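**Q** Mind looking over this structure? Questions follow.
The values are calculated or read from the model by the stated rules, or taken from the named source; none is laboratory data. In this text the structure is predicted, and so the values were computed from the model without any measurement. Note: ideal-geometry Cβ built from the backbone for every residue, glycine included; neighbour counts use all protein chains shown.
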Amino acid sequence: MGIVIKNGKVLQDGELVPRDILIIDKVISKVAEQIDSQGHKEIDVKGKWVSAGFIDMHVHLREPGYEAKETIATGTAAAARGGFTAIACMPNTKPVTDRVEVVKYIKEKAQREGVVRVLPIGAITIRELGEELTDMAAMKECGIIGVSDDGVGVQSSRMMKEGMRRAAKAGLPVIAHCEDETLAKGGSIHEGTFSAKHGLRGIPNEAEAIHVARDILLAEATGAHYHVCHISAEQSVRHVRYAKEKGIKVTTEVCPHHLILTDEDIPANLDSNFKMNPPLRSSEDRAALIEALKDGTIDIIVTDHAPHTEEEKKRGLALAPFGIVGLETAFPLLYTHLVLTGDFTLEEIVSKMTSKPAELFGLPWGRLEEGAIADLTVVDLETEREVNPLEFASKGKNTPFTGWKLKGWPMMTMVDGSIVWKREEVLKTV
Ligand code: DOR
Ligand code: ZN
Ligand code: ZN
């Protein structure tokens, strides 16, 4: 017996067209205008959009070590609620994911307690200290999909060059958090008019762009696939555009918050839910990111889901840790503030959360077509709902979007042909 998703709409040549979808043995076996559901389980999605499951290449699941912030169980539940069917998790755990044992721990936990696919990322350097390279090849054998010291930039150019050489040899992308500490240290928000007005130490654009420029040269020299994390500054975009023109293997990602907010949106009370690294930048930077996403300089959209406890975030802007949650609001934010505004088509946005990340990282998901693995997301593009962190499955409630009215909420998420989450009040499963 299979499953027929009845009365859905799918994107075809930029249009939403009515389709039924038949799933047999975890695979999409047929997509057609009418499929007889006799002998199969039927799920009536009542005109909702059915997409390939979203893929997020930048998530902090916090396990092992920081279970008060998030666990693999709660983080993957949050991913499912956000329509994500596969997420890559960053190695700044405790212990750091810098060896085979930790990779195995994450994989086993994800197998037992996770509801979506978890793709571990290994560290570039041991304990992310920037001093000694990890055994990338061994971690790759265990299933890591890339290496990163996310949370900190690799300060030494020499270490980064050797890291890229080793990663290239192992066939792994280097997923780089770009931050020159000599420029960034002590800052909590963007260095600009807002920081000056409030007398706060800022993080300048160059802190990011210097690493991007340096690493592009190192990628050219080593042949590594260099992927820039959470790009935020206009100067970084400029360098990536130039490198791509030169044929250097560089790709990049951007977060919804950097596409939607600027430092001027930080409230007067300096709410630390607006503090993340890299920080919210200027409106010129935001415009450069939108343009770069449009012309393909920026390849994919990620959340940088970074849960922290309420106690930690209450410490005030200067002392609170960097990071905001993102999994459960990403698509509604993008749909409401980039698609409904006419800046992007639905297809442009969703490809950067499905087929593009799959293509970049060689993953077998991200497409809704006959023969594809049944990782799917059903989305309601009509109903407006308010962001309420108390409803999040994530332990992290640290969002700057509380109370925002958004459309484009996921309704049901299916991984490998099984429903892993659905919004009970909307979809009645027969
Ligand atoms: O805002 C951030 N939070 N940026 C990072 O690079 C690290 C992350 C975290 O781990 O909390
Ligand atoms: Zn980072
Ligand atoms: Zn991160």
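**Q** I'm trying to understand the selection: among the residues of region 189-211, which are under 22 Å from the mean Cα position of the chain (by Cα) and away from ligand 3 (no atom under 16 Å from the Cβ)?
**A** Those that are under 22 Å from the mean Cα position of the chain (by Cα) and away from ligand 3 (no atom under 16 Å from the Cβ): I189, H190, N205, A209.
**Q** Next question, about the same structure. Taking only pairs six or more apart or across chains, which ones have beta-carbon atoms under 6 Å, a first residue in region 202-225 that is on the phi < 0 side of the Ramachandran plot, and a second residue that is of a type in the set (F, W, Y) and not in a helix (DSSP H, G or I)?
**A** If the second residue must be of a type in the set (F, W, Y) and not in a helix (DSSP H, G or I), the pairs left are D215/Y226; A219/Y226.
**Q** So, one more: For residues that are touching a residue at least 40 places away in the same chain (Cβ under 8 Å), within 25 Å of A358 (Cβ to Cβ), away from ligand 1 (no atom under 16 Å from the Cβ) and surrounded by fewer than 24 Cβ atoms within 10 Å (Cβ to Cβ), tally how many sit in region 82-109.
**A** 2
**Q** Right, something else. Filter region 289-316 down to the residues that are of a type in the set (S, T, N, Q) and away from ligand 3 (no atom under 16 Å from the Cβ), then identify the one that is farthest from the chain's Cα centre (by Cα).
**A** So, considering only residues that are of a type in the set (S, T, N, Q) and away from ligand 3 (no atom under 16 Å from the Cβ), the one farthest from the chain's Cα centre (by Cα) is T309.
**Q** Condition first: more than 19 Å from the chain's Cα centre (by Cα), among the β-branched types (V, I, T) and within 14 Å of ligand 1 (Cβ to nearest atom). Now tell me which residues in region 125-158 satisfy that.
**A** V154
**Q** Another question about this same structure. Need pairs with beta-carbon distance below 6 Å; first residue within 16 Å of ligand 2 (Cβ to nearest atom) and within region 45-59, second small (G, A, S) and assigned to a strand (DSSP E or B); sequence gap 6+ or separate chains.
**A** M57/A88
**Q** Counting only residues that are at pLDDT 95 or above and in a loop (DSSP other than H, G, I, E, B), which one in region 28-38 is nearest to the chain's Cα centre (by Cα)?
**A** Checked region 28-38; the qualifying residue nearest to the chain's Cα centre (by Cα) is E33.
**Q** Still on this structure: What number goes with the only condition from (1) on the phi < 0 side of the Ramachandran plot; (2) touching a Lys or Arg at 6+ places or on another chain (Cβ under 9 Å) that R367 does not pass?
**A** Unmet condition: (2).
**Q** List the pairs whose first member sits in region 401-426 and is closer than 16 Å to A86 by Cβ, whose second member is modelled with pLDDT of 95 or more and of a type in the set (S, T, Y), and whose Cβ atoms are under 7 Å apart, counting only residues at least 6 apart or on separate chains?
**A** Sorted first by the residue in region 401-426, then by its partner, the pairs are P410/T377; T413/T85; T413/T377; V415/T85; V420/T413; W421/T413.
**Q** Pick from region 325-345 the residues that are within 16 Å of ligand 3 (Cβ to nearest atom) and touching a helix residue (DSSP H, G or I) at 6+ places or on another chain (Cβ under 6 Å): which of them is nearest to L259 (Cα to Cα)?
**A** Within region 325-345, the match that is nearest to L259 (Cα to Cα) is A330.
**Q** Return yes when K244 is farther than 22 Å from G202 by Cβ and of a type in the set (K, R) and no when it is not.
**A** The answer is yes for K244.
**Q** Within region 71-103, track down each residue that is over 22 Å from V174 (Cβ atoms), within 16 Å of the chain's Cα centre (by Cα) and not polar (S, T, N, Q).
**A** Listed by number, the residues that qualify are I72, G75, A77, A78, A79, A80, R81, G82, G83, F84.
**Q** Separate question: Please work out which one of (1) within 16 Å of ligand 2 (Cβ to nearest atom); (2) surrounded by fewer than 24 Cβ atoms within 10 Å (Cβ to Cβ); (3) of a type outside the set (K, R); (4) not in a helix (DSSP H, G or I) is the condition G199 fails and give its number.
**A** So G199 meets the others, but not (1).
**Q** List the pairs whose first member sits in region 269-280 and is at pLDDT 95 or above, whose second member is within 15 Å of ligand 3 (Cβ to nearest atom) and assigned to a helix (DSSP H, G or I), and whose Cβ atoms are under 6 Å apart, counting only residues at least 6 apart or on separate chains?
**A** Once the first residue is at pLDDT 95 or above and sits in region 269-280, its partners that are within 15 Å of ligand 3 (Cβ to nearest atom) and assigned to a helix (DSSP H, G or I) give P278/E208.
**Q** While we're here: Anything in region 49-88 that is β-branched (V, I, T), away from ligand 3 (no atom under 15 Å from the Cβ) and within 23 Å of V100 (Cα to Cα)? List them, or say none. Can you show your working first?
**A** At the first step, the residues of region 49-88 found to be β-branched (V, I, T) are 50, 55, 59, 71-72, 74, 76, 85, 87.
Applying the additional criterion that residues be away from ligand 3 (no atom under 15 Å from the Cβ) yields 50, 55, 71-72, 74, 76, 85.
If the condition is that a residue be β-branched (V, I, T), away from ligand 3 (no atom under 15 Å from the Cβ) and within 23 Å of V100 (Cα to Cα), then T71, I72, T76 are the ones that fit.
**Q** Same structure, new question: Could you list, in sequence order, all residues of region 303-323 that are touching a strand residue (DSSP E or B) at 6+ places or on another chain (Cβ under 8 Å) and either assigned to a helix (DSSP H, G or I) or crowded, with 24+ Cβ neighbours inside 10 Å (or both)?
**A** Just the residues of region 303-323 that are touching a strand residue (DSSP E or B) at 6+ places or on another chain (Cβ under 8 Å), to begin with: 303-306, 317.
Answer for region 303-323, where residues must be touching a strand residue (DSSP E or B) at 6+ places or on another chain (Cβ under 8 Å) and either assigned to a helix (DSSP H, G or I) or crowded, with 24+ Cβ neighbours inside 10 Å (or both): T303, D304, H305, A306.
**Q** So, in region 115-133, of the ones that are within 13 Å of G153 (Cβ to Cβ) and β-branched (V, I, T), which residue ends up surrounded by the most Cβ atoms within 10 Å (Cβ to Cβ)?
**A** I124
**Q** Another one. How many of the residues in region 2-27 are assigned to a strand (DSSP E or B) and either among the polar types (S, T, N, Q) or free of Cβ contacts under 8 Å to residues at least 40 places away in the same chain (or both)?
**A** 11
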